[in-house]
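Engineer: I have a structure I would like to understand better, so I am pasting it below and will then ask my questions one at a time.
Rule-based calculations on the coordinates, nothing more; no lab input. This structure is a prediction, so every number in the text was calculated from the model and none was measured. Glycine also receives a Cβ, built like all others from the backbone with ideal geometry; neighbour counts cover every protein chain displayed.
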Amino acid sequence: MAILKPFKGLRPPKEIVKEVASRPYDVLNSQEARAEAAGNPKSLLHITKAEIDLPIGIDEHSEAVYDKVVENFKAFQKNGWLVQDTEEKFYVYAQTMDGRTQYGIMGCTHIEDYFNNIIKKHELTRKDKEEDRMIHVRITNANVEPVFFAYPAHKEIDTIVEKVTKEQPIYDFTADDGFGHHFWIINDKDTIARISQIFKEEIPYLYVADGHHRTAAAALVGAEKKKNNPNHTGNEEYNYFMAVLFPDNQLKIIDYNRVVKNLNGMSKEQFLDKLSQSFVVEKMGTEIYQPSKLHEFSLYIDNNWYKLTAKEGTFDDNDPIGVLDVTILSNLVLDKLLGIKDLRTSKDIDFVGGIRGLGELKRRVDSGEMAAAFALYPVSMKQLIDIADTGNIMPPKTTWFEPKLRSGLAVHVLE
């Protein structure tokens, strides 16, 4: 069963929370982060992407950047932009997008649950990205950004959250992207104890939704600290890392699409002919076409949209990986026709989160940057959980959760 404990959040005063709160470090490149934080010294991006305070073009993994992280983190606390709660709390963090609100509990999960597979993963991590986040945890001695977990929905937890959220939130703001963020503190000690008890006795697994690298980094740094502490007791704060946990029935995964730079030497006509061996290919015209069901794809090429429907026998609905549209596209198109063998390393492919809309796919092809684009039907939470439960790994860039967690509503210090 899963461990979840309260913590003393390091949080911004409510008057400046909108200025402090930022998008996660991994959804912005350095240029975008500079633009987003421009004129706002309180943005958490000065800590999560500190290269924005150094000359343009600096290596974001350089020692100078990490030194700036530490300097800025200390300054935020000295300036009173981050202030630590005096007692351990759970928090409720809710997000509103397109009229739909999802309610998560913010607390700390245990590093041993990560290593023992109580916290289940569905993606592989890259060592270079792990190490970058490990350095960030080490030098700040904190989990500056939370990870995004799902858990099997539980009626009593729903009831607790519903009661808490009837009160006035401590934070309540709409970010520049139009998404609402709402935050409550759970102060009642009996309620705090009951939440921990429910997770310990009744929640068998947690699922990483977003933040595999942050999760791995937090767990690995905790294990380092444990190894290096001859007086380790198991109660130290470094045994835990910050997460926001949402019931699985409230979460929605949106599409994660692909654009390719070339057709592997084929003409458009040759490419469409090859596609027809595995797909029913229908020309849909110049209006954007969105896939409407599993095993249906959109292709945009040469100013036209096409509907691609995978033919029977080209996929295995009884295989948790084989059923995924990303697998079908990877096997039958990207690998077989376009010669793209490794999605993690190939320079001939890029990935576009569905939040950007299919117009972004059209734009990148029309600009000449890309030769073709593929839109996919979104993966379901059931598919994600089935894959995690069977110990399988999704292909890269399969899930896109939206809205993203805002960083800066709370920080977990590993003291």
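Engineer: Applying 1/(1 + (r/R0)^6) with R0 = 35 Å to the Cβ-Cβ distance of residue 314 and residue 162, what FRET efficiency is obtained, to the nearest 0.05?
Structural biologist: 0.20
Engineer: Report the Rg/Rh value for the chain, based on alpha-carbon coordinates and the Kirkwood definition of Rh.
Structural biologist: The Rg/Rh ratio comes out at 0.98.
Engineer: Exposure proxy check: 367, 276, 43 ranked by fewest other beta carbons within 10 Å?
Structural biologist: Working: 367 8, 276 12, 43 23.
Ascending number of Cβ neighbours within 10 Å: 367, 276, 43.
Engineer: Hey, in the GNM for the chain with a 10 angstrom Cα cutoff, which one of 260, 27, 326 fluctuates hardest?
Structural biologist: Largest GNM mean-square fluctuation: 27.
Engineer: Between residue 236 and residue 86, what is the spin-label point distance in nm, taking each point 7 Å from the Cα along the Cα→C-beta axis?
Structural biologist: 2.8
Engineer: Say the dipole of the chain comes from +1 at the beta carbon of Lys and Arg and -1 at that of Asp and Glu; which of 324, 72, 143 then lies farthest toward its positive end?
Structural biologist: 72
Engineer: Also, quick follow-up: Which one, 27, 357, 270, is farthest towards the positive end of the dipole of the chain when Lys and Arg carry +1 and Asp and Glu -1 on their Cβ?
Structural biologist: Result: 27.
Engineer: When only C-alpha pairs under 8 Å and at least 6 residues apart count, what is the relative contact order of the chain, in percent?
Structural biologist: In percent, rounded to a whole number, it is 24.
Engineer: Sort 271, 241, 374 by Cβ crowding within 10 Å, fewest neighbours at the top.
Structural biologist: With the fewest neighbours first, 271, 241, 374 line up as 271, 374, 241.
Engineer: Using a Gaussian network model on the chain with a 10 Å cutoff between Cα atoms, which of 55, 12, 395 fluctuates the most?
Structural biologist: Answer for the Gaussian network model of the chain: 55.
Engineer: Quick one: pull the percentage of alpha-carbon pairs in the range 170-256 with a separation above 21 Å.
Structural biologist: 55
Engineer: Figure the gain on full extension for residue 356 and residue 201 (residue separation times 0.36 nm, minus the Cα-Cα span) and round it to one decimal in nm.
Structural biologist: Residue separation times 0.36 nm, minus the Cα-Cα distance, leaves 51.8 nm.
Engineer: Count the DSSP beta bridges whose two residues both fall in the chain, then state the antiparallel fraction as a percent rounded to the nearest 5.
Structural biologist: 90
Engineer: Another question, if that's okay. Let me spell out the model: positive unit charges on the Cβ of Lys and Arg, negative unit charges on the Cβ of Asp and Glu, origin at the Cα centre of the chain. What dipole size does that give, in debye rounded to 20?
Structural biologist: 200
Engineer: Would you work out which of 61, 119, 343 lies farthest towards the positive end of the dipole of the chain, given +1 charges on the beta-carbon of Lys and Arg and -1 on that of Asp and Glu, about the Cα centre?
Structural biologist: 61
Engineer: Taking amide H atoms as placed 1.01 Å from N in the peptide plane, list the residues 5 or more away in sequence, or in a different chain, whose amide H sits under 5 Å from that of residue 91.
Structural biologist: 106, 186
Engineer: Under 5 Å between amide hydrogens, which residues at least 5 positions from residue 209 or on another chain qualify, with H placed 1.01 Å from N in the peptide plane?
Structural biologist: 148, 149, 150
Engineer: Order these by the 10 Å Cβ neighbour count, fewest first: 315, 183.
Structural biologist: By the 10 Å Cβ count, ascending: 315, 183.
Engineer: What does the helix-only formula give at 222 nm for the chain: each DSSP H stretch with n ≥ 4 adding -39500 (n - 2.57), the total divided by the residues, and the result rounded to the nearest 500 deg cm²/dmol? Please list the in-between numbers first.
Structural biologist: On the way: 13 runs with 123 residues, N = 415.
Rounded to the nearest 500, it is -8500 deg cm²/dmol.
Engineer: Taking 30 Å as R0, compute the FRET efficiency from the Cβ-Cβ separation of residue 70 and residue 393 and round it to 0.05. Could you put the intermediate results ahead of the total?
Structural biologist: Working: r = 34 Å, r/R0 = 1.15.
Approximately 0.30, to the nearest 0.05.
Engineer: Quick one: dipole size for the range 256-377, taken about the Cα centre, charges +1 on Lys/Arg Cβ and -1 on Asp/Glu Cβ, in debye to the nearest 20.
Structural biologist: 320
Engineer: Beta carbons within 10 angstrom, averaged per residue: use that to sort the peptides 400-411, 283-294, 105-116, highest first.
Structural biologist: 400-411, 105-116, 283-294
Engineer: Related question: Treating only the Cβ of Lys, Arg, Asp and Glu as charged (+1, +1, -1, -1), what charge dipole size does the range 207-317 show about its Cα centre? Round to the nearest 20 debye.
Structural biologist: Working: 13 positive and 15 negative charges, 65 e Å.
Once rounded to the nearest 20, the dipole reads 320 debye.
Engineer: Using bins 5 angstrom wide from zero, how does P(r) for the range 256-377 break down, in % of all Cα pairs?
Structural biologist: Percent of Cα pairs in each bin: 2, 11, 23, 27, 23, 10, 3, 0.
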